[in-house]
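All of the numbers you see were taken from the coordinates with simple rules; none came from a lab. As the structure is a computational prediction, the values presented were derived from the model and not from experiment. Cβ coordinates were reconstructed from backbone atoms using ideal geometry, including for glycine residues, and neighbour counts include every protein chain displayed.
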Amino acid sequence: MIEKACLKCKRIVTGKQCPICKTSKLSTKWKGLLIILDAKESKIAEKMNLTEGKYALKVK
């Protein structure tokens with residue numbers, strides 16, 4: 001499956017809809033990868049208000 005990034009929250013998904021913000025506005029043009037394994041202990045996740053998962057750093 002092709003991984004796509006949500007244009008709204010930048011979550012990487014393989015389906016047709018983002019599980020976080022429920023939008024279907026997805027892009028195959030994204031760069032950079034941020035993986036959050038433990039959002040409770042991650043300063044980056046706290047600062048960016050993210051949950052566990054894969055996120056794109058830049059989405060076109």
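Numbers below:
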| read-out | value |
| --- | --- |
| Qualifying residues in the range 1-39 (those that are farther than 17 Å from Lys60 by Cα and touching a Phe, Trp or Tyr at 6+ places or on another chain (Cβ under 9 Å)) - the one surrounded by the fewest Cβ atoms within 10 Å (Cβ to Cβ) | Ile35 |
| Matching residues, the range 40-53, being touching a residue at least 24 places away in the same chain (Cβ under 8 Å) and surrounded by 15 or more Cβ atoms within 10 Å (Cβ to Cβ) | Gly53 |
| The listed residue being of a type in the set (Lys, Arg), under 13 Å from the mean Cα position of the chain (by Cα) and on the phi > 0 side of the Ramachandran plot, out of Lys25, Lys31, Lys54, Lys10 | Lys10 |
| Count of the range 20-47 residues which are small (Gly, Ala, Ser) and in a loop (DSSP other than H, G, I, E, B) | 3 |
